[in-house]
Amino acid sequence: MNNQLHEIFNEIKKNKNILILPHINPDGDALGSCFGLKYALLEYFPEKKIKIVFNKENEYLDFLGLTDNWGDWGNKSYLLITLDTANEERINKPNNLDPKKIINIDHHISNTYYGDLNYVMPEASSACEIIAIILEKWFKNINNRSKMALYTGIITDSNRFLYNSTSKKTLKIASWLYVDSLNTQYIYNKLYLKPKLDFDILQFIYKKIKIKDSIGYYIINKEDISQLKKESFEFKKYISLLNGYKDIKIWFSVIWKKEDQIYKISLRSREYNLIDIANSYNGGGHKYACGLQIKDIKELEVIINKLKELL
Ligand SMILES: [Mn+2]
């Protein structure tokens, strides 16, 4: 059950120390929502001490802000706000985390409502959309730095308003964030200009794509990863290569993750609900974009058969 927004606002007002955490390996939406919220709160409550800590800084998102250190946070009494994070395991946290209360604000349909206060809107395009709607209600207006961060998260999670999670609400709040000084070209250059190295990987992946019975996929195994000298997570974004083909109704990538010794499968579709399959393997995510993990590549055949049944 969701809490009332005024309950969440009262909790925020009460606390001087606030820790905001995204999910591990944060993306544009996770960081955009954290920094968007921080910059707006500091504008109206400059006396608050607000920290954002995350495990991985990416050059393409560094314009939003950099991570703080954990420091002596463990000894302080503080409120924890988690954003874009579906369950407690996904929170980027050290073991000694001991907040007074947790506020969980998210848009994942698989969210487990692990907070003391929860606000989950699965229909929202992004966590940034939710935060922007909330901030507009609370403050009427917010500073441009906050707006830029929130706009960035909406465009990354909706793929520039392409995915069908984009709604009238998304566009309305995006237009509120879209101030004259918003330098979209700068944001798009940071987010979308690719290094030349990308060509090598693209060529590599294109050769590995298999398409059968309206299902398209590619597998990146242990040997591929060491051959290309890349990290496992760097292959995930190429799943969009398979989007936009009439004959491919469901597509996925299978990527070896050496840290966990498992294969990570990312499932995508324009119209078929995939979340039940992801959930049946303890995965999660959204209706048309979700993920799961398998230990043995032989399990893939069963999953492909389940996907075929959806078509
Ligand atoms: Mn998100």
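Could you please let me know if SER77 is assigned by TED's automatic domain parsing to the domain that holds SER158 and over 22 Å from the mean Cα position of the chain (by Cα)? Taking the combined requirement at face value, the residue satisfies it. Within segment 284-302, the set of residues being over 17 Å from ILE219 (Cα atoms), touching a strand residue (DSSP E or B) at 6+ places or on another chain (Cβ under 6 Å) and of a type outside the set (Gly, Ala, Ser) comprises TYR288 only. Scanning segment 92-107 for residues that are more than 19 Å from ASN10 (Cβ to Cβ) and either β-branched (Val, Ile, Thr) or at pLDDT 95 or above (or both) returns ASP106, HIS107. Pairing each residue of segment 140-159 that is on the phi < 0 side of the Ramachandran plot and of a type in the set (Val, Ile, Thr) with any residue that is away from the ligand (no atom under 16 Å from the Cβ) and part of a loop (DSSP other than H, G, I, E, B), provided the two are 6+ apart or on different chains, yields C-beta distances under 9 Å for THR152/PHE63. Within segment 108-143, if we keep just the residues that are of a type in the set (Val, Ile, Thr), modelled with pLDDT of 95 or more and over 15 Å from GLY32 (Cβ atoms), the residue that is nearest to the ligand (Cβ to nearest atom) turns out to be VAL120. Between LYS249, LYS172, LYS264, LYS257, the distinction of being at pLDDT 90 or above and not assigned by TED's automatic domain parsing to the domain that holds LEU300 belongs to LYS172 only.
For segment 15-51, filtered to residues that are away from the ligand (no atom under 16 Å from the Cβ) and charged (D, E, K, R), the residue that is surrounded by the most Cβ atoms within 10 Å (Cβ to Cβ) is LYS38. The condition (being crowded, with 17+ Cβ neighbours inside 10 Å, assigned by TED's automatic domain parsing to the domain that holds LYS16, touching a Lys or Arg at 6+ places or on another chain (Cβ under 9 Å) and assigned to a loop (DSSP other than H, G, I, E, B)) is satisfied by just one residue among GLY71, GLY115: GLY115.
Residue count for segment 148-161, restricted to those that are over 16 Å from the mean Cα position of the chain (by Cα) and either surrounded by fewer than 23 Cβ atoms within 10 Å (Cβ to Cβ) or not in a helix (DSSP H, G or I) (or both): 0.
The values are calculated or read from the model by the stated rules, or taken from the named source; none is laboratory data. Source: prediction; values computed, not measured. A quick note on method: Cβ atoms are made from the backbone with ideal geometry, for glycine too, and the neighbour counts reach across all protein chains shown.
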